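These notes are about the structure you will find just below.
The values are calculated or read from the model by the stated rules, or taken from the named source; none is laboratory data. Bear in mind the structure is a predicted one, so any value in this text is a computation, not a measurement. Don't worry about glycine lacking a Cβ; one is built from the backbone with ideal geometry, like all the others, and counts go over all protein chains shown.
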Amino acid sequence: MERIAQCHCGSLRVTVTADHFTALLCHCQACQRRTGSIVHAGAYFSTEQVRAEGASSVYSRMSASGFAIHFHFCPNCGTSVYWKGDKRPDSIGVAVGCFADPTLPAPVRSVWEESKHPWLGIPEDMDHLDMGVNADGSPMTR
């Protein structure tokens, strides 16, 4: 099984060879600004299941959990396609929208709901967290 995610112009592509091990929605303000949308949808894969092709530019920032995250985006069209985080170096996140595939399994967790736009409906059957998760997978608290 292969799925291909790509940027808007098609020059940065990611091929994955398995279904993701988790997917989430993120409502944090950093993701809102990075995507230009009110919510980010990301799917996570083991690094050995992901092959990236094409040139990318990288934007790195510190996450709320204190780990750096490195976003790879197309230098031509600007689409943020995938990212690697120091928090989980054995995985790669891929923007769900870059697959443009409605058959991709749905996210299981909604994080940073403290920044969620109140008019956005989120399915009740997923985990709902006000903040994110720690490196050990436990919910973050203030």
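Just one residue in the set Trp83, Trp112 is over 16 Å from Arg13 (Cα atoms), of a type in the set (Phe, Trp, Tyr) and surrounded by 14 or more Cβ atoms within 10 Å (Cβ to Cβ); that residue is Trp112. The requirement of being closer than 23 Å to His117 by Cβ and of a type outside the set (A, V, I, L, M, F, W, C) is fulfilled nowhere in the range 47-59; no residue meets it.
Kindly indicate whether Tyr44 is surrounded by 15 or more Cβ atoms within 10 Å (Cβ to Cβ), of a type outside the set (A, V, I, L, M) and free of Cβ contacts under 8 Å to residues at least 60 places away in the same chain. Walk me through it before giving the result.
Working: surrounded by 15 or more Cβ atoms within 10 Å (Cβ to Cβ): yes; of a type outside the set (A, V, I, L, M): yes; free of Cβ contacts under 8 Å to residues at least 60 places away in the same chain: yes.
Yes: the conditions hold for Tyr44.
Name the residue, out of Arg61, Arg34, that is more than 22 Å from His8 (Cα to Cα) and basic (Lys, Arg). Only one candidate qualifies: Arg61.
Mind checking whether some residue in the range 87-94 is of a type in the set (A, V, I, L, M, F, W, C), at pLDDT 95 or above and crowded, with 19+ Cβ neighbours inside 10 Å?
Going residue by residue through the range 87-94, those that are of a type in the set (A, V, I, L, M, F, W, C) are 92, 94.
Subsequent filtering for residues that are at pLDDT 95 or above retains 92, 94.
Going one step further and asking which of them are crowded, with 19+ Cβ neighbours inside 10 Å, we end up with 92, 94.
Within the range 87-94, one or more residues are of a type in the set (A, V, I, L, M, F, W, C), at pLDDT 95 or above and crowded, with 19+ Cβ neighbours inside 10 Å.
Selection of the range 54-66 for residues being part of a strand (DSSP E or B), in contact with a His (Cβ under 6 Å, 6 or more places away or on another chain) and over 22 Å from Val111 (Cβ atoms) yields only Val58. With respect to being part of a loop (DSSP other than H, G, I, E, B), of a type outside the set (A, V, I, L, M) and in contact (Cβ under 8 Å) with a residue 12 or more places away in the chain, Asp125 falls outside the description. Within the option set Arg34, Arg51, Arg88, being part of a helix (DSSP H, G or I) and either polar (S, T, N, Q) or in contact (Cβ under 8 Å) with a residue 24 or more places away in the chain (or both) holds for one residue only, Arg34.
Being buried (at least 18 other Cβ atoms within 10 Å of the Cβ) and not in a strand (DSSP E or B) is a description that does not apply to Cys77.
Could you please find all residues in the range 98-108 being within 20 Å of Gln32 (Cβ to Cβ) and modelled with pLDDT of 95 or more?
Taking the range 98-108 as the starting set, the residues that turn out to be within 20 Å of Gln32 (Cβ to Cβ) are 98, 107.
Residue satisfying the conditions is Cys98 alone.
Taking (1) modelled with pLDDT of 90 or more; (2) touching a strand residue (DSSP E or B) at 6+ places or on another chain (Cβ under 9 Å); (3) within 14 Å of Cys26 (Cβ to Cβ) in turn, Glu114 satisfies each apart from (2).
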